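K.L.:
Sending over a structure as structure tokens; questions will come in a sec.
Any read-out appearing in this document is the output of simple, stated calculations on the displayed coordinates, not a laboratory observation. Because the structure is a prediction, the values reported are computed rather than measured. Quick reminder, even Gly has a Cβ in these numbers, built from the backbone with ideal geometry, and neighbours come from all protein chains shown.
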Amino acid sequence: MWQKIKNYYHLVQALTAAIFFNFPSKKLIVIGVTGTDGKTTTVNMIYHILKSSGKKVSMISSVNAQIGPKTYDTGFHVTTPGPWQIQKYLRKAQDALSQYFVLEATSHSLDQNRLALVYFRAGVITNITHEHLDYHKTWENYANAKSKLLRNVQISVLNKDDKGSYNFLKNRTEGKIITYSLKNNSQVNLKNFPVKLKIPGDYNLSNSLAAAAVCSAFGIDKKTILGALANFQGVTGRLEEVNLGQDFKVIVDFAHTPNGLENALKALSSQLTVHGSQLIAVFGAAGLRDRAKRQLMGKVAAQFADLSVLTAEDPRTENVNDIIDEVAKGFTSKGKKEGKDFFKVANRGQAIEFAITKLAKKGDIVATFGKSHEKSMAYGKKETPWDEFEVTRKAIQRRLSSKRR
């Protein structure tokens, strides 16, 4: 009942804001991107292709808002801002003479009517896997919320490789359906769009095909699309390397779902080039969020990482050790042992320090997951400043300093 009241409140807010800003999305070509994983990268790829083709374009992603020439911070733990902010950004983009607006949309924002009165021309859904079931309760509810993006659009872009979401969505879309796939059973694939990327991972190739599909639908030629993707530098905090001259790799990534973690770990495993080198994962699970995924995260890391350090990731009002214990069940269910295959270090700074200064050896890869670009850690009901890159750099510096002594 309370959620319905909240959704109605957001709808009223969205209508009021749209009227106040004079329905700016009607003057823009708005492309929405949603999915469990890959939203931010796909948004940035679309933005990069459009900009490379000479189009005037703005965007909102989980990292920031890029409105014309200006960059805006969208806040703590926020992917899709509230309805008033959305309409305000759309109006700023209109005033900056943008032709296109690429918007990252969450299931929460779609379900709660925060994106009501945004007129999408195209919707892209990257995948729908296990996430946010604390809120949506079932996968079907979650998928239904995502499908709201595809209502009243001219173009719906669907991932044929994600069979569950594709089969669910294909009869719940409006407008022209364009499919993409890493295989050859779709309209956009690696045979007719032979993408070459600087960033690793098959999932990033998949994201690039999604971007190619929607940009091609809006008339961007293939040569421009492929050229833009070939020089795409990636997104802050997405498999981003921190290199201070150490003899092992350190990677910062935002993966915080079982599917996202699996994809990232697979991509990093393929980069282990020294015989006997190991992949070391540092991660946790958010408090007051989908508890069912915690053990799944543990199972994924147990399978695809050689060593793991379990730690805090926005515990909020939950006991961080209780969360870690739930993640650890995924390891023990796979026969893994604490102190040998995985370690528990509740303080995230100490966990990163432990992985980098104690566990890492020459040729190894240490990867931290779940915080990435975010600038705060939620402890209790407060936001505490946090910088994953700074913490990681300091740990590497201490490691290098100790070797010089």
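K.L.:
What dipole magnitude, in Debye to the nearest 20, does the range 240-400 give about its Cα centre under +1 on Lys/Arg Cβ and -1 on Asp/Glu Cβ?
P.N.:
340
K.L.:
How high is the relative contact order of the range 287-371, given as a whole-number percent (alpha carbon pairs under 8 Å, six or more residues apart)?
P.N.:
Values: 97 pairs, mean separation 28.4, N = 85.
Rounded, it is 33 percent for the range 287-371.
K.L.:
Now a separate question. Relative contact order (percent) for the chain, with alpha-carbon contacts under 8 angstrom and 6 or more residues of separation?
P.N.:
Once normalised by length, the contact order is 14 percent.
K.L.:
Something else now. Dipole magnitude of the chain about its Cα centre, charges +1 at Lys/Arg Cβ and -1 at Asp/Glu Cβ only, in debye to the nearest 20? Numbers along the way, then the final one.
P.N.:
Values: 59 positive and 35 negative charges, 116 e Å.
Dipole about the Cα centre, nearest 20: 560 debye.
K.L.:
What is the set of long-range amide H partners of LEU288 at a cut-off below 5 Å, with H atoms built 1.01 Å from backbone N?
P.N.:
The list, which skips near neighbours in sequence, is GLU318.
K.L.:
Could you please rank MET377, MET297, placing first whichever residue has the fewest other Cβ atoms within 10 Å of its Cβ?
P.N.:
Fewest-to-most ranking of MET377, MET297: MET377, MET297.
K.L.:
Holding the Cα-Cα limit at 28 Å, pick out from LYS337/LYS361; LYS137/LYS329; LYS362/LYS382; LYS39/LYS223; LYS137/LYS381; LYS196/LYS340 the pairs that are longer than that.
P.N.:
LYS362/LYS382; LYS196/LYS340, as the Cα separations exceed 28 Å there.
K.L.:
Could I have the simple spin-label model distance between LYS223 and LYS337, label points 7 Å from Cα toward Cβ, reported in nm to one decimal?
P.N.:
It works out to 6.2 nm between the two label points.
K.L.:
Please identify, among LEU244, LEU190, LEU11, the residue showing maximal mean-square fluctuation in a Gaussian network model of the chain using a 10 angstrom Cα cutoff.
P.N.:
LEU244
K.L.:
If you work out mean projected area of the Cα convex hull in nm² from the coordinates, which of (i) 21.4; (ii) 20.0; (iii) 28.6 do you get?
P.N.:
Of the labelled values, this structure produces (ii).
K.L.:
Based solely on its DSSP helices, what 222 nm [θ] is calculated for the chain when runs of n ≥ 4 H residues each add -39,500 (n - 2.57) and the sum is averaged over all residues, nearest 500 deg cm²/dmol?
P.N.:
-12000 deg cm²/dmol
K.L.:
What residues qualify as long-range amide H neighbours of VAL366, i.e. H under 5 Å apart, gap of 5 or more or another chain, H built at 1.01 Å from N?
P.N.:
Amide H neighbours of VAL366: LYS249, VAL250, ILE251, ILE280.
K.L.:
Shifting gears a bit: Within the range 240-400, what percent of beta bridges assigned by DSSP are antiparallel, to the nearest 5?
P.N.:
For the range 240-400, the DSSP antiparallel bridge percentage is about 25.
K.L.:
Please work out the Cα center distance from the range 180-207 to the range 208-234, rounded to the nearest Å.
P.N.:
Cα centroid to Cα centroid, the span is 11 Å.
K.L.:
Let me ask something else about it. Evaluate the distance, in nm, between pseudo-label points positioned 7 Å from the Cα of TYR135 and of ARG291 along their respective Cα→Cβ axes.
P.N.:
Going by the 7 Å Cα→Cβ label model, 1.9 nm.
K.L.:
Which entries in LYS146/LYS293; LYS198/LYS394; LYS6/LYS266 show an alpha-carbon gap greater than 29 Å? Intermediate results must be reported in sequence, preceding the final value.
P.N.:
Numbers: LYS146/LYS293 19 Å; LYS198/LYS394 27 Å; LYS6/LYS266 40 Å.
With Cα atoms farther than 29 Å apart: LYS6/LYS266.
K.L.:
Still on this structure, I have one more. Net charge near ALA217, counting Lys/Arg +1 and Asp/Glu -1 over other residues with Cβ under 10 Å of its Cβ?
P.N.:
Value of the local net charge: +2.
K.L.:
Net charge near HIS256: determine it from the other residues with C-beta under 13 Å of the C-beta of HIS256, scoring Lys and Arg +1 and Asp and Glu -1.
P.N.:
Residues close to HIS256 contribute a combined charge of -3.
K.L.:
Right, here's the next one. If you keep only loop residues by DSSP, which trypsin sites (Lys or Arg not before Pro) in the range 192-301 have at most 12 other Cβ atoms within 10 Å of their Cβ?
P.N.:
Sites meeting the loop and neighbour criteria: LYS196, LYS198.
K.L.:
Search the structure for amide H atoms under 5 Å from the amide H of MET377, placed 1.01 Å from N in the peptide plane, and list their residues when 5 or more places away or on another chain.
P.N.:
Hits under the 5 Å cutoff: THR384, TRP386.
K.L.:
Continuing with this model, one more query. Suppose R0 equals 41 Å. What FRET efficiency, 1/(1 + (r/R0)^6) with r the Cβ-Cβ distance, do ASN171 and LYS329 give to the nearest 0.05?
P.N.:
0.65
K.L.:
Go through the range 113-195 and name the trypsin sites (Lys or Arg not before Pro) that are in a DSSP coil and have 15 or fewer other Cβ atoms within 10 Å of their Cβ.
P.N.:
Hits after loop and neighbour filter: LYS137, ARG151, LYS170, ARG172, LYS183, LYS191.
K.L.:
How would you rank THR368, THR74, going from fewest to most other Cβ atoms within 10 Å of each one's own Cβ?
P.N.:
Listed from fewest to most nearby Cβ atoms, that is THR74, THR368.
K.L.:
Just want to confirm a number: the relative contact order over the range 1-118, from Cα pairs under 8 angstrom separated by 6+ residues, in percent. Walk me through the numbers before you get to the answer.
P.N.:
On the way: 192 pairs, mean separation 47.8, N = 118.
Normalised by residue count, the contact order of the range 1-118 is 40 percent.
K.L.:
What does the net charge come to around GLN13 if you take all other residues with beta carbon closer than 14 Å to its beta carbon, with K and R at +1 and D and E at -1?
P.N.:
So the environment of GLN13 carries a net charge of +3.
K.L.:
Could you check what % of the DSSP bridge pairs in the chain are antiparallel, to the nearest 5?
P.N.:
20
K.L.:
Oh, and also: If you stretched the chain out fully between LEU15 and ASN184, how much longer would it get, using 0.36 nm times the residue separation minus the C-alpha to C-alpha distance?
P.N.:
56.6 nm
K.L.:
Are there chymotrypsin sites (Phe, Trp or Tyr not before Pro) in the range 1-77 that DSSP marks as loop and that have at most 14 other Cβ atoms within 10 Å, and which are they? Could the numbers behind the result be given before it?
P.N.:
Numbers: sites: TRP2, TYR8, TYR9, PHE20, PHE21, TYR47, TYR72, PHE76; in loops: PHE21, PHE76.
Passing both the DSSP loop test and the Cβ count: PHE76.
K.L.:
Evaluate the distance, in nm, between pseudo-label points positioned 7 Å from the Cα of THR71 and of THR357 along their respective Cα→Cβ axes.
P.N.:
Each label point is offset 7 Å from its Cα along the Cβ direction, giving 3.1 nm.
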